[in-house]
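What follows draws every value from the coordinates through simple rules; no lab data is involved. Quantities reported herein were computed from a predicted structural model and do not represent experimental measurements. A quick note on method: Cβ atoms are made from the backbone with ideal geometry, for glycine too, and the neighbour counts reach across all protein chains shown.
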Ligand SMILES: [Zn+2]
Ligand SMILES: [Zn+2]
């Protein structure tokens, strides 16, 4: 009897030890696709020898968060805490970690783990990991018992140090978070397509991603045309250095634009006709697609129509690897390139309202949640 009692006690202690090592976390979650954001307490995996714990200061709202929270990209598991534009401070480090020390600023984008051994991982393209990258939220974490990751609308995050981004002390922390998705998602294809000074280029969709693309392209010295459907953003386009703003709903403005651009980036998150932009490419021109519309609104390309505008290239681009994300943060901070943000408090009502404004195209240009105001 005594022996059994001791065994049970040891078992209870072992279980509670494992649970104690988990990191308590609180955030804002959706509990079904219709219901509003509510406070949610949960826990994250323990801090491994190669991990760091980050206290989250700011968390950006990306359109992908909305698609996932509302289950528009497939079957979202609830509750879900979205958020993959995270800026914060390191509060604990695992014993093998040398990249960070306690007190450093750190960022988290869309990738929190990958195998580190396959060719893409070794090439710093962790987003293409052959064993599948672990996403920041709504992703099965094969390195931690397949638990589903929860994102950055929360007070903390535990991440593999190799997948966190160093943020300089002089960075504008209020604005830096959206660089981790909106920044890298546009920076990477601009580099991939080797855009250079004097090129005629265009940005389709002038929102959170689009306004970052414009800033990077203007910094390079390209001549930037912007396409959107919102008349209110015409002055912003000029202010950010674009040479032309086209309201796509105005047929007259669309005249005479075919064969004009060497590079176009489409950040459009709704239904549209990609061929409109393919026809605007010069021969050898490239259209980079980074916007991902809801499942029922995805454009379908008529392949035959491509032959009519031969030798133009279309490619998709998904975020960027960790080394390129680090390069983008360093470049952005050094050149004072930041998103234009509106800071909102960390409560369900404020996030619900922000979501609605993003859906209605009324945001200029990115909402960032001040996670320190979370109760
Ligand atoms: Zn995003
Ligand atoms: Zn890999």
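List of remarks:
- In the range 229-243, the residues that are without any contact (Cβ under 8 Å) to a residue 40 or more places away in the chain, out of contact with any strand residue (DSSP E or B) (no Cβ under 7 Å at 6 or more places or on another chain) and buried (at least 18 other Cβ atoms within 10 Å of the Cβ): 240
- Whichever residue in the range 93-147 is without any contact (Cβ under 8 Å) to a residue 60 or more places away in the chain and within 16 Å of ligand 1 (Cβ to nearest atom) and, among such residues, is surrounded by the fewest Cβ atoms within 10 Å (Cβ to Cβ): 139
- Out of 268, 246, sole residue that is within 25 Å of the chain's Cα centre (by Cα) and surrounded by 15 or more Cβ atoms within 10 Å (Cβ to Cβ): 268
- Leading residue by the ranking (farthest from ligand 2 (Cβ to nearest atom)) among those in the range 72-99 that are closer than 18 Å to residue 51 by Cα and in a loop (DSSP other than H, G, I, E, B): 95
- Yes/no for residue 216 being within 16 Å of ligand 1 (Cβ to nearest atom) and under 24 Å from residue 105 (Cα atoms): no
- Restricting the range 288-309 to residues that are in contact with a strand residue (DSSP E or B) (Cβ under 8 Å, 6 or more places away or on another chain) and part of a loop (DSSP other than H, G, I, E, B), the residue that is surrounded by the most Cβ atoms within 10 Å (Cβ to Cβ): 290
- Strands (runs of 3 or more DSSP E) contained entirely in the range 17-62, each with at least 1 residues that are out of contact with any helix residue (DSSP H, G or I) (no Cβ under 9 Å at 6 or more places or on another chain) and over 21 Å from residue 96 (Cβ atoms): 23-29, 38-44
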